[in-house]
1. Among (1) assigned to a loop (DSSP other than H, G, I, E, B); (2) among the β-branched types (Val, Ile, Thr); (3) surrounded by fewer than 15 Cβ atoms within 10 Å (Cβ to Cβ), there is one condition Val53 misses while meeting the rest; what is its number?
2. Suppose we filter region 112-124 for residues that are surrounded by 17 or more Cβ atoms within 10 Å (Cβ to Cβ) and over 19 Å from the mean Cα position of the chain (by Cα); how many remain?
3. Does region 85-93 contain at least one residue that is without any contact (Cβ under 8 Å) to a residue 24 or more places away in the chain, at negative phi and in the same structural domain as Leu60 (by TED's automatic domain parsing)?
4. Residue check, Ser183 against (1) out of contact with any strand residue (DSSP E or B) (no Cβ under 7 Å at 6 or more places or on another chain); (2) surrounded by fewer than 17 Cβ atoms within 10 Å (Cβ to Cβ); (3) closer than 21 Å to Ser153 by Cβ; (4) among the hydroxyl-bearing types (Ser, Thr, Tyr), all met but one. Which one?
5. Residue check: is Ala13 under 12 Å from Val114 (Cα atoms) and either of a type in the set (A, V, I, L, M) or at pLDDT 95 or above (or both)?
6. Evaluate region 195-208: report whether one residue or more is closer than 24 Å to Ala13 by Cβ, at pLDDT 95 or above and crowded, with 20+ Cβ neighbours inside 10 Å.
7. For region 28-53, enumerate the residues that are small (Gly, Ala, Ser) and within 27 Å of the chain's Cα centre (by Cα).
8. For region 148-155, state whether one or more residues are in a loop (DSSP other than H, G, I, E, B) and either within 23 Å of Arg276 (Cβ to Cβ) or in contact (Cβ under 8 Å) with a residue 40 or more places away in the chain (or both).
Amino acid sequence: MQTIEKGTLYIVATPIGNLGDISQRAIEVLSQVDWVAAEDTRHSQKLLQHLGVQVKLISLHDHNEKMRSEDLLVRLQAGESGALISDAGTPLISDPGYHLVKLLRDHDVLVRPVPGASAMISALSVAGLPTDRFSFEGFLPAKSQKRLNQLQSLALETRTMVFYESPHRILESLATLAQALGSERTMMAGREMTKQFEEFVSGTISEVLGYFSRHSDKVRGEFVLVVSGAPEQQAAQASEWDRLINILLAQALPVKQISEIVSEYYQVKKNAVYPRVQDLKEMTL
């Protein structure tokens with residue numbers, strides 16, 4: 001039986017779909033703490049009712065986290081125990097909780113993890129892509145130009161990359177991935193993981209985009225995108241660009257013009273060069 005420590009916040013992972021994935025330890029913690037902070041109390045109440053847990057629920061979401069964190073700090077300093085959960089999966093992973101945990105650690109309040117489900121780790125485990133090194137990028141920007149800029153900056157990232165995406169933007173994001181990284185880059189898209197209509201689609205970015213474009217009935221539920229990194233050889237070649245880029249930057253040429261020159265000289269796409277030129281320019285400022 002889990003022994004609850006006073007003055008401690010437990011970060012409790014909850015199922016991402018299948019309620020059977022809740023751990024026995026998580027149930028014991030949620031049953032014994034004085035309160036549970038939740039992103040959506042109505043959603044979390046359904047989970048707690050399913051588990052047969054009766055506990056005080058406190059809302060903690062993006063809009064009230066900083067203010068609510070001060071109150072929870074006082075409660076924990078007074079000897080109460082609490083738990084933080086998100087709507088699904090491990091808290092703080094593209095979910096609220098960072099400000100609270102940082103505040104508590106700054107005040108030497110104990111924060112303990114109760115591990116469990118994570119959409120990111122679940123998708124990585126079945127993607128068939130390298131997992132020894134990976135980069136979690138969370139949700140892509142909603143605005144198209146910002147989304148393109150972010151993905152272009154990752155064009156030479158050699159680690160496997162993981163993104164979250166909503167059904168409303170999945171087709172746009174897949175199209176932008178193809179534009180920024182190349183349509184032949186391999187990937188896997190997972191949706192409705194651990195639920196009844198769980199599905200994993202693998203192939204090139206172009207093939208995955210084509211699949212969901214043809215099957216509009218499949219464009220539903222939260223998506224996890226696992227994308228292969230750039231080939232090491234391509235990334236190594238990019239380092240050769242730096243000398244030429246720095247020479248051209250010293251001539252005060254515009255970033256766009258430098259990108260055009262370098263892409264022509266090395267016979268590579270401009271959208272692969274542009275982010276590197278921008279990064280080197282910022283380093284010189």
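The values are calculated or read from the model by the stated rules, or taken from the named source; none is laboratory data. Everything numeric here is computed off the predicted structure, so don't read it as measured data. When we count neighbours, we look across all protein chains shown, and the Cβ atoms used for this are built from the backbone with ideal geometry, even at glycine.
1. Of everything listed in (1) assigned to a loop (DSSP other than H, G, I, E, B); (2) among the β-branched types (Val, Ile, Thr); (3) surrounded by fewer than 15 Cβ atoms within 10 Å (Cβ to Cβ), Val53 misses just condition (3).
2. Looking only at that region, the number is 1.
3. no
4. With (1) out of contact with any strand residue (DSSP E or B) (no Cβ under 7 Å at 6 or more places or on another chain); (2) surrounded by fewer than 17 Cβ atoms within 10 Å (Cβ to Cβ); (3) closer than 21 Å to Ser153 by Cβ; (4) among the hydroxyl-bearing types (Ser, Thr, Tyr) applied to Ser183, the lone miss is (1).
5. Spelling it out, Ala13 is indeed under 12 Å from Val114 (Cα atoms) and either of a type in the set (A, V, I, L, M) or at pLDDT 95 or above (or both).
6. no
7. Matches in region 28-53: Ala37, Ala38, Ser44.
8. Yes, region 148-155 contains a residue that is in a loop (DSSP other than H, G, I, E, B) and either within 23 Å of Arg276 (Cβ to Cβ) or in contact (Cβ under 8 Å) with a residue 40 or more places away in the chain (or both).
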